[in-house]
Amino acid sequence: MEFAESGRHWNSLLAVQFPGLENYHLQPRLHLIFAGLFFSVSGTDTTALLAFEFLCFALTNLVFVIICLRLDLRLAALFTPLLFAPLYVVTGFRLELTGALIFVSGLSVSLPFLRAEASRARGQAGPGAVMSIFSKFLFGIAPLAAPSLFAWSLGAIAVLEIWRLAMRQARLLRIICEGLAALLLALAVFALSIDFEFAEFLEQFTFHAGRSTGGGFNDEAILRAVLFAGASALVFRHNHAAAAICTALAAGQFLAAFLHDKALIRNLAASMVFLIALDAAVGTRWLKVKATLFATLFLALSANFFSFYFISERVENSEAVIAAYEKDLSDGQRVFVDETMAQHYLNQNTLGALAWTWGGTFPKGRPTSLYDLEEGDVWYVSSTRF
């Protein structure tokens, strides 16, 4: 929203926490740029934020539905919005919104290569170089929106190029040249997005990555990768292109186990594999059985979301809390807020506050107990029963 209103890459909350930062480089900016362009047209309020989330959801659905239709998986296309919806509802305004859209778009552009028949004369069949470069370019810029997409993009590119070699669609030299061209284009987008401030980006991004809890080895991700690969093997004799997509997602999930794995991406990948594998592997005479399984999974994924509305209660002291918060700020207190306070009380209008989840002054760590309170500090933190 700051970018939409002023053209600056800035975060007012982090500006208070990290006074040594002169610009915002804690994460790649592509998500911020796309969202900022949207807000510059729609306005900067909660409605616009939710509209951007829905737009990303709708476009990602549309692209994957097109993939399913081109693979002749009509039931999977029909149930795609239902299975994707619960994943997006609980995601919030995350980088992966735009990253997932770019990644799925890369899969869509790559589909002609996966559907092309093997060539008898190496390098003479398959779609052209422009489409190949564009698909890898999309995979290359997806991590510029969300770093967690790096493993998935790398896995997809590896599977795509191995497939092209195996199907004799291109020689190794051509693949390398196309890859270098896509890389140069992605690097150009990266340089422009960070205003060529490479040193500042490296310093802030590595600091942020060092404090992130999203990295490290994840044995659960390895299990998911094995399941994805198993689905690919099951589908292969029915639909080679569908099997290749499952293999690409398996490779991405395997690499994400060692690099960076985020909930929306891995859950989207699992949903895509489930939709593709079940519809491709099970015959048309089992249409009702497949539809029942899709519907059952939708209900299972939605259970947590629906239960929230059944057992939660609206806050009754919001006006008093907001008044106390504003008074503490006007009195010059250092005020810390957590996500609950920021979202449910302040509607993200957190200017002047510090964040409970970061806290402190750069580069110190976040506060962990009441003993970290200094004279004049005030913390607004929700109870565990909220």
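The values are calculated or read from the model by the stated rules, or taken from the named source; none is laboratory data. If you're wondering where the values come from, they're calculated on a predicted model, not measured in any experiment. Reconstructed Cβ throughout: ideal geometry from the backbone, glycine too, with neighbour counts over all protein chains shown. Only protein heavy atoms, including side chains, enter the accessible area calculation; ligands, DNA and RNA are left aside. Shrake-Rupley method; radii C 1.70, N 1.55, O 1.52, S 1.80 Å.
One residue is enough: does the stretch 137-146 have a residue meeting the conditions outside any helix (DSSP H, G or I), at negative phi and at pLDDT 90 or above?
Looking for residues that are outside any helix (DSSP H, G or I), at negative phi and at pLDDT 90 or above, one finds at least one in the stretch 137-146, hence yes.
State whether the residues of the stretch 59-66 include one that is aromatic (Phe, Trp, Tyr), over 20 Å from Ala342 (Cα atoms) and modelled with pLDDT of 90 or more.
yes
Could you tell me which numbered condition Ser12 fails, if it satisfies all but one of (1) more than 22 Å from Leu144 (Cβ to Cβ); (2) at pLDDT 90 or above; (3) touching a Leu at 6+ places or on another chain (Cβ under 7 Å)?
Unmet for Ser12, out of (1) more than 22 Å from Leu144 (Cβ to Cβ); (2) at pLDDT 90 or above; (3) touching a Leu at 6+ places or on another chain (Cβ under 7 Å): (2).
Among what's in the stretch 261-276 and is farther than 16 Å from Leu78 by Cβ and small (Gly, Ala, Ser), pick the residue that is surrounded by the most Cβ atoms within 10 Å (Cβ to Cβ).
Ala269
Within the stretch 161-177, which residues are open to solvent by less than 10 Å² (accessible area, probe 1.4 Å) and either modelled with pLDDT of 95 or more or among the aliphatic types (A, V, I, L, M) (or both)?
Across the stretch 161-177, the qualifying residue is only Ala170.
For every residue, the table says whether it meets (1) at pLDDT below 95; (2) basic (Lys, Arg); (3) within 30 Å of Ile175 (Cβ to Cβ); (4) surrounded by fewer than 20 Cβ atoms within 10 Å (Cβ to Cβ).
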| site | (1), (2), (3), (4) |
| --- | --- |
| Pro28 | yes, no, yes, no |
| Leu37 | yes, no, no, yes |
| Thr44 | yes, no, no, yes |
| Val89 | yes, no, no, yes |
| Pro112 | yes, no, yes, yes |
| Gly126 | yes, no, yes, no |
| Met131 | yes, no, yes, yes |
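Test each condition in (1) in a helix (DSSP H, G or I); (2) open to solvent by less than 20 Å² (accessible area, probe 1.4 Å); (3) at pLDDT below 90 for Ser119 and report the one that comes out false.
(1)
What single numbered condition from (1) in contact with a helix residue (DSSP H, G or I) (Cβ under 6 Å, 6 or more places away or on another chain); (2) under 19 Å from Leu138 (Cβ atoms); (3) of a type in the set (A, V, I, L, M) fails to hold for Ala225?
(2)
Across the stretch 277-290, what is the number of residues that are surrounded by fewer than 22 Cβ atoms within 10 Å (Cβ to Cβ) and part of a helix (DSSP H, G or I)?
Number satisfying all stated conditions: 8.
Of His238, His208, which residue is closer than 30 Å to Asn11 by Cβ and either in contact with a His (Cβ under 8 Å, 6 or more places away or on another chain) or modelled with pLDDT under 95 (or both)?
His208
Just checking, how many residues over the stretch 312-349 are open to solvent by 40 Å² or more (accessible area, probe 1.4 Å) and either at pLDDT below 75 or not in a helix (DSSP H, G or I) (or both)?
Here the count works out to 16.
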